[in-house]
Amino acid sequence: GNSSLQDIVVGKNGMYSAVDLTRGRAFTYDDNGNLLYAFGAPVFERNAFRTPAAIEYLGDKMVVLDRRMNMLTVMEPTAYAKAIHRAIELYQSGDYDGSADVWRQVLNQNPNLDIAYSGIGRALLRQGQFQEAMRMYRLGSDREGYSQALALYRRDWINDNFSAIMTGILVVIALVYAISFIVKQRKRRSTQYEGLAYTISENKFVAYLQKLKYAFHVIVRPGDGFWDLKHEKRGDMWSATTILGLVMLTFILARQYTGFPFNMNDPREMNIYMEIASVLVPFLLWCGVNLALTSIMEGKGSLKEIFITTAYALVPIILIHAPLIVISRVITLDEGAFYYVFQTIAAVWSVLLLLVGMSTIHDYSFGKNIATSGLTV
């Protein structure tokens with residue numbers, strides 16, 4: 001149920017405490033709203049408060065009023081609470097080294113206290129140790145602090161490696177130009193030879209690569225592209241299955257390696273089979289249900305054509321999400337709008353391609369295609 005906060009009191013260094021009647025507990029937070037500790041419970045023990053109505057500080061001690069028992073419970077901080085108070089006090093007084101040392105002592109008593117890792121991260125950030133601060137913020141699940149440390153670390157890294165970065169860019173440009181020049185020269189020479197044992201189209205592997213490459217044409221000119229997939233057989237099950245496999249791989253990599261500020265998943269809990277099923281099962285359900293539905297609504301697409309069309313429509317997911325995995329590791333939360341915009345573009349692009357593809361292979365009008373697609377979902 002919802003909490004029923006009865007009273008709140010502000011203590012030293014911006015810390016404040018509140019009592020919750022529903023749970024019979026007192027909660028203490030720092031000046032940023034991070035939970036430091038909680039204690040108390042409606043247990044039937046001697047001298048324990050059960051229905052707290054008010055809370056007040058008395059020096060370092062805390063006094064809680066129980067309205068049902070008409071009793072004041074006076075509590076003094078343990079060594080654990082004193083260490084937390086001391087760490088906050090040292091940080092606010094500018095003694096960042098001392099604050100980090102005390103937070104480490106707290107972690108010896110409670111390794112699961114996120115605010116302790118964040119406290120060490122803040123101290124390291126003030127000292128200019130940005131990379132180590134990022135590690136501590138990550139241990140403390142503090143994405144805002146991690147983004148601040150990342151921005152400063154990225155700035156320093158670019159300043160230190162600017163010459164190497166510019167040299168690398170120039171080398172890449174030169175390599176691209178050289179490769180394109182060599183390819184053009186080879187194409188010119190290849191036209192001089194005849195009587196080859198086989199043509200390019202007869203080489204199965206090259207033909208397979210050409211069908212994969214045709215996906216780029218499909219996503220840019222979907223009308224012509226999907227028509228050729230159906231009538232000119234520009235795609236096949238092998239290329240479509242490859243695209244589907246790349247989509248599954250993209251989702252697995254995104255879940256595991258997306259930058260910490262944008263990754264709410266715990267990589268330690270990843271189940272690769274569930275990740276594969278999260279893509280494969282909806283994909284196969286879409287194909288099966290769409291075939292069953294369109295077969296009674298004058299649809300002209302076969303199961304194979306539906307499979308190939310759906311797979312080719314997912315190419316934007318690969319082309320956009322794969323680079324986003326890398327980009328998410330070097331951008332901060334403040335720059336996250338670009339990350340989410342491109343994620344949306346990938347989804348919308350794929351949906352539009354899927355609608356065009358279904359309309360093409362089933363020979364449906366726009367309205368009928370929207371209706372059958374909606375019913376399939």
Self-check item: Cα gyration tensor, the chain - rounded (a/c under 1.5), prolate or oblate
Solution: oblate
Self-check item: Between 0 and 90°, nearest 10: helix 272-294 axis offset from the chain longest Cα axis
Solution: 50 degrees
Quiz prompt | Global form of region 215-299, assessed from the alpha-carbon gyration tensor, a/c cut-off 1.5 | solution = prolate
Exercise. Could you do me a favour and compute the accessible area per residue for region 1-107, 1.4 Å probe, result in Å²?
Key: 57 Å²
Exercise. Name the residues whose placed amide hydrogens come within less than 5 Å of the amide hydrogen of LEU36, ignoring near sequence neighbours (fewer than 5 apart) on the same chain.
Key: THR28, TYR29, ASP30
Quiz item: If the cut-off is a Cα-Cα distance under 27 Å, which lysines reach LYS211, setting aside same-chain residues fewer than 8 apart in sequence?
Solution: LYS184, LYS187, LYS230, LYS233, LYS300, LYS304
Quiz item: How large is ³J(HN,Hα) for each residue in region 129-143, as worked out from phi by the Karplus curve 6.51 cos²θ - 1.76 cosθ + 1.60 (θ = phi - 60°), to whole Hz, x for Gly and Pro?
Solution: 8, 5, 5, 5, 5, 4, 5, 5, 4, 5, 4, x, 6, 9, 6
Quiz item: Hey, what do the phi angles of region 60-72 turn into as Karplus ³J(HN,Hα) couplings, whole Hz, using 6.51/-1.76/1.60 and θ = phi - 60°, x for Gly and Pro?
Solution: 7, 8, 10, 10, 10, 9, 9, 6, 7, 8, 6, 9, 9
Quiz item: What percentage of the solvent-accessible surface of the chain, computed with a 1.4 Å probe over protein heavy atoms, is contributed by carbon and sulfur atoms?
Solution: 60 percent
Self-check item: Cα long-axis angle, helix 96-109 against the chain (0 to 90 degrees, to the nearest 10)
Solution: 90 degrees
Exercise. With a ≥ b ≥ c taken as the square roots of the eigenvalues of the C-alpha gyration tensor of region 12-124, please select rounded if a/c is under 1.5 and otherwise prolate if a/b is larger than b/c or oblate if it is not?
Key: prolate
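The values are calculated or read from the model by the stated rules, or taken from the named source; none is laboratory data. Bear in mind that the values here come from a model prediction, so they are computed numbers and not experimental data. Calculation scope for accessible area: heavy atoms of the full protein, side chains included, ligands and nucleic acids excluded. Shrake-Rupley method; radii C 1.70, N 1.55, O 1.52, S 1.80 Å.
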